[in-house]
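Inspection log for the structure reproduced underneath, given as structure tokens.
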Amino acid sequence: MTADRTYRAMVGSQVVELPLVSLSDDLTIALLISVDHGIAFSEVAGRELADLMRPAEPDIVVSVATMGIPLAIEASRALELDDYVILHKTPKIHLGETWSEPVNSITTDKQQRLRMDPARVDVVRGRRVAVVDDIISTGASTLAALRLVRRIGAEPVVIGTLMTEGGAWRGALGADADKVRSLGSMPLFRRGEAGGDELIEVWD
């Protein structure tokens, strides 16, 4: 997938140039692939996000594979937490279906399931959780993570992300939208009615 246009965004104190990628004839997103921005980027972003989440006093970070993994590691380190838990979207033999939730992602054309390793459930149960992901766009992955964490018997106290995209996530998360702490935001784009390549910001 290639892009000939970019969108300049701030992620906390860091400037990034993000490729604009078309998902359909009338919808384009600025694509942030966090694992492509290097170790220093993740370290700074994780530290800055931890500063935003610290007042909620989380006991553990729970994040979504795979893009959220570097952020979970660095945020946990900055919060001086010695453990974190990753939720998986790819089926693996040890995960099973007991602790799973359905999820639809804006960048995936079919429904997936978010799964927690049963061996890690007791690490999360009864604790104050920071749910962390790289991007919140529709809010679907975040909502699935919140449902799973609550089913286990934990309390989500804060939601951390590098970027929010558009505004649909607010409606999807409902009251939990107030828990979101973000290092930046960016619009969704739709092509202008007159055609051509002009892009219009949409915050729906």
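So how many residues does region 160-190 have that are β-branched (Val, Ile, Thr) and in contact with a Leu (Cβ under 8 Å, 6 or more places away or on another chain)?
2
Per-residue answers, yes or no, for (1) of a type in the set (Asp, Glu); (2) in contact with a Lys or Arg (Cβ under 9 Å, 6 or more places away or on another chain); (3) in contact (Cβ under 8 Å) with a residue 40 or more places away in the chain:
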residue: PHE41; (1), (2), (3): no, no, no
residue: ALA45; (1), (2), (3): no, no, yes
residue: GLU48; (1), (2), (3): yes, no, yes
residue: LYS92; (1), (2), (3): no, yes, no
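Condition check ((1) assigned to a helix (DSSP H, G or I); (2) among the basic types (Lys, Arg); (3) over 26 Å from VAL121 (Cα atoms); (4) modelled with pLDDT under 95) across all residues:
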| position | (1), (2), (3), (4) |
| --- | --- |
| VAL149 | yes, no, no, no |
| VAL158 | no, no, no, no |
| LEU173 | yes, no, no, no |
| ALA177 | yes, no, no, no |
| ARG190 | no, yes, yes, yes |
| GLU193 | no, no, yes, yes |
| ASP197 | no, no, yes, yes |
| GLU201 | no, no, yes, yes |
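Those residues that are of a type outside the set (S, T, N, Q), part of a loop (DSSP other than H, G, I, E, B) and over 16 Å from MET163 (Cβ atoms), I need them from region 36-78; list them, please. Walk me through how you get there before you give the answer.
To start, the set of residues in region 36-78 that are of a type outside the set (S, T, N, Q) comprises 36-41, 43-62, 64-65, 67-75, 77-78.
After this cut, where a residue has to be part of a loop (DSSP other than H, G, I, E, B) as well, the list is 37, 57-59, 65, 67-68.
Passing the criteria: GLU57, PRO58, ASP59, ALA65.
Give the residue, chosen from SER76, SER100, that is farther than 14 Å from ASP134 by Cβ and in contact with a Phe, Trp or Tyr (Cβ under 6 Å, 6 or more places away or on another chain).
On the way: SER100 fails: in contact with a Phe, Trp or Tyr (Cβ under 6 Å, 6 or more places away or on another chain).
Being farther than 14 Å from ASP134 by Cβ and in contact with a Phe, Trp or Tyr (Cβ under 6 Å, 6 or more places away or on another chain) holds for just one of SER76, SER100, which is SER76.
Is there any pair linking a residue in region 166-195 that is more than 18 Å from LEU146 (Cβ to Cβ) to one that is of a type in the set (Asp, Glu) and at pLDDT 85 or above, with Cβ under 6 Å and at least six apart or on different chains, and which?
Correct list of pairs: LEU183/GLU48; MET186/GLU165.
Within region 13-22, is even one residue in a strand (DSSP E or B) and in contact with a helix residue (DSSP H, G or I) (Cβ under 9 Å, 6 or more places away or on another chain)?
Yes.
Scan region 23-48 for residues that are over 16 Å from LEU183 (Cα atoms) and surrounded by 17 or more Cβ atoms within 10 Å (Cβ to Cβ) and jot them down.
Matches in region 23-48: THR28, ILE29.
Out of region 49-96, which residues are at pLDDT 95 or above, crowded, with 16+ Cβ neighbours inside 10 Å and among the charged types (D, E, K, R)?
ARG54, ASP59, GLU74, ARG77
Name the residues in region 1-58 that are touching an Asp or Glu at 6+ places or on another chain (Cβ under 6 Å) and small (Gly, Ala, Ser), would you?
GLY12, SER34, SER42, GLY46
Let's see how each residue does on (1) closer than 20 Å to LYS179 by Cβ; (2) modelled with pLDDT of 90 or more; (3) surrounded by 17 or more Cβ atoms within 10 Å (Cβ to Cβ):
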| site | (1), (2), (3) |
| --- | --- |
| THR107 | no, no, no |
| ASP117 | no, yes, no |
| VAL124 | yes, yes, yes |
| ARG127 | yes, yes, yes |
| VAL131 | yes, yes, yes |
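Going through PRO91, PRO58 one at a time, which residue ends up being over 16 Å from the mean Cα position of the chain (by Cα), closer than 18 Å to GLU155 by Cβ and not aliphatic (A, V, I, L, M)?
Matching residue, one of PRO91, PRO58: PRO58.
The values are calculated or read from the model by the stated rules, or taken from the named source; none is laboratory data. All of these numbers come straight from a predicted model, not from anything done at the bench. No Cβ is skipped: glycine too gets one built from the backbone with ideal geometry, and neighbour counts run over all protein chains shown.
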